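J.: Pasting in a structure now, in structure tokens, and then I'll have a few things to ask.
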Amino acid sequence: MSQYQGDDAEYMADEYEMEDVDDEMDDEFRGRDMAGSESDGDEYDHANSKVNDTTAAQARSGKDIQGIPWDRLSITREKYRQTRLEQYKNYENIPQSGEGSGKDCKVTKKGGSYYEFRRNSRSVKSTILHFQLRNLVWATSKHDVYLMSHFSVVHWSSLNCSRQEVLNVSGHVAPSEKHPGSLLEGFTQTQHLDRPGVSFCSRTTYDDNAITNAVEIYVSASGAVHFTASNNDCGVRDFDMEKFQLTKHFRYPWPVNHTSLSPDGKLLTIVGDNPDGMLVDSQTGKMVTSLCGHLDFSFASAWHPNGVTFATGNQDKTCRVWDVRNLSKSVAVLKGNLGAIRSIRYTSDGQYMAMAEPADFVHVYDAKNGYEKEQEIDFFGEISGVSFSPDTESLFIGVWDRTYGSLLEYGRCRNYSYLDSLI
């Protein structure tokens, strides 16, 4: 993963800000003191939450789902979309990787209707801490979702539209309990762990390049809750969350940006600052095979619940789907519109897969039918993360934008034909 230095820092400004196409668009989209603090924006949002939010009924009546007043602008939504497609700058570590990846891509049919718009909540602002890391939204039920908002982990209830801060790491952070290996003095403005109610606080490494790029929580075969941390120091670490102990530590030749564990717990998909990914034994860390095909660095991976296929997302603008029975090449290559594929999620029933670009587009594919058809969810803003609820009924999308930052909620489309027969 890139560091905040040199050209990368300049890129962050380019990628985070939507292109100014004319003065009026700039005034409308970013008018509320763009140079001001983001905390001021949060206060504005809370004070005007119900007014700013968009419901499904309002969207059906013609209101833009993000509340953008296109009728008052001198540019249409269609024209602005075209401008974004032409001018958006995709970040690449390997030049021209996005152009070179197109030849293998699957042609998919658009027009799928799998999830329908429910609500856009500007009352909660989803934010990004590093421009390449976009797995910052996690749903625990169809009504409950957790996300990053500046230096806080926030819980959002879509049932009563309420926001609650769960964890704030903006100041000094210290553990509330004593355990072996715990860093009792804590941290200052950390991006790691702990506040009252959380029990353990620890550094994973003292390496200068030590950024934790991703965390995956899972239940081990013994029933214990573990998490796997992918780190920029080239390490993958497994922690027992009940014993507060490091149980495994694997090292690789390049920074690890994301890992995902197979449903049976035997294999780990590892992707990072190398075009080729790896499939490794989860107990030993030894490589089973390399994953060849991507042209740039990867930042996303996910397993299908069947344990046979999995997907990887790359800065070459593609998501590749792999089959463990034949890993000589990927079985499908899915192309984005704007940029890197930075987040991938499957529904728990394996029916759908969502892949998120860095901005504007989330693609939902019918995975059970060979990724032949997709639903393209189209909006404006950087994407902080996507998450299906465990019961598959909800899809949440975090949107980072100083004026239109929000949480988009979609509900699964169901065909209850037996009810129609009663009407």
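J.: Any chance you could run the full-extension gain for V153 through E372? It's 0.36 nm times the residue separation minus the Cα-Cα distance, nm to one decimal. Can you show the working numbers first?
T.: On the way: separation 219, 0.36 × 219 = 78.84 nm, distance 3.65 nm.
Full-extension gain reported as 75.2 nm.
J.: Share of region 235-282's accessible area from carbon and sulfur, percent, 1.4 Å?
T.: Values: 950 of 1900 Å².
For region 235-282, the apolar C and S fraction of the accessible surface comes to 50 percent.
J.: While we're here: In region 338-423, what percent of the accessible surface is made up of carbon and sulfur (1.4 Å probe, ligands and nucleic acids excluded)?
T.: Values: 1160 of 2470 Å².
Of all accessible area on region 338-423, carbon and sulfur atoms account for 47 percent.
J.: Separate question: Report the label-to-label distance for D104 and Y206 in nanometres (one decimal), using points 7 Å from each Cα along the Cα→Cβ vector.
T.: 4.2
J.: Continuing with this model, one more query. If you build the convex hull over the alpha carbons only and average its shadow over all orientations, what do you get for region 294-414? Give it in nm² to one decimal.
T.: Values: hull surface 29.3 nm².
If I average the Cα hull's projected area over directions, I get 7.3 nm².
J.: How much length is gained on full extension from D391 to R81, taking 0.36 nm per residue of separation minus their Cα-Cα distance?
T.: The span from D391 to R81 would gain 108.3 nm if fully extended.
J.: Per residue, how many Å² of accessible area does region 333-419 show with a 1.4 Å probe? Numbers along the way, then the final one.
T.: Values: 2100 Å² over 87 residues.
In whole numbers, region 333-419 has 24 Å² accessible per residue.
J.: Please sort 233-242, 100-109 by packing, taking for each peptide the average over its residues of neighbouring beta carbons within 10 angstrom, highest first.
T.: Working: 233-242: 18.5, 100-109: 13.5.
Per-residue Cβ counts within 10 Å, averaged per peptide and sorted highest first, yield 233-242, 100-109.
J.: Anything over 22 Å Cα to Cα? Flag those among K248/K286; K103/K266; K103/K368; K89/K335, in the order listed.
T.: Result: K103/K266; K103/K368 exceed 22 Å.
J.: At a Förster distance of 30 Å, what's the computed FRET efficiency of S290 paired with V215, Cβ-Cβ distance as r, to 0.05?
T.: The computed FRET efficiency comes out at 0.80.
J.: If you count only protein heavy atoms with a 1.4 Å probe, what accessible area per residue comes out for region 236-304, rounded to a whole Å²? The partial results should precede the final answer.
T.: Numbers: 2810 Å² over 69 residues.
Result: 41 Å² of accessible area for each residue.
J.: Taking the Cα centroid of region 255-297 and of region 379-402, what is the distance between the two, rounded to the nearest whole Å?
T.: Measuring centre to centre over Cα atoms gives 25 Å.
J.: If you take the beta carbon distance between V166 and D349 as r and set R0 to 35 Å, what does 1/(1 + (r/R0)^6) give as a FRET efficiency, to the nearest 0.05? Intermediate values should be presented prior to the final figure.
T.: On the way: r = 28 Å, r/R0 = 0.80.
That gives a FRET efficiency of 0.80.
J.: For T55 and A224 in the same chain, what is the full-extension length gain: residue separation times 0.36 nm, less their Cα-Cα distance, in nm? Show your work: numbers first, answer last.
T.: Numbers: separation 169, 0.36 × 169 = 60.84 nm, distance 4.02 nm.
Full extension of this stretch gives 56.8 nm more.
J.: Given the options G339, M353, S328, identify the residue whose Cα lies farthest towards the positive end of the charge dipole of region 323-362 (+1 on Cβ of Lys, Arg; -1 on Cβ of Asp, Glu).
T.: S328
The values are calculated or read from the model by the stated rules, or taken from the named source; none is laboratory data. Because the structure is predicted, anything quoted here is derived from the model rather than measured. When we count neighbours, we look across all protein chains shown, and the Cβ atoms used for this are built from the backbone with ideal geometry, even at glycine. Surface accessibility is based on the protein's heavy atoms, side chains included, excluding ligands, DNA and RNA. Shrake-Rupley method; radii C 1.70, N 1.55, O 1.52, S 1.80 Å.
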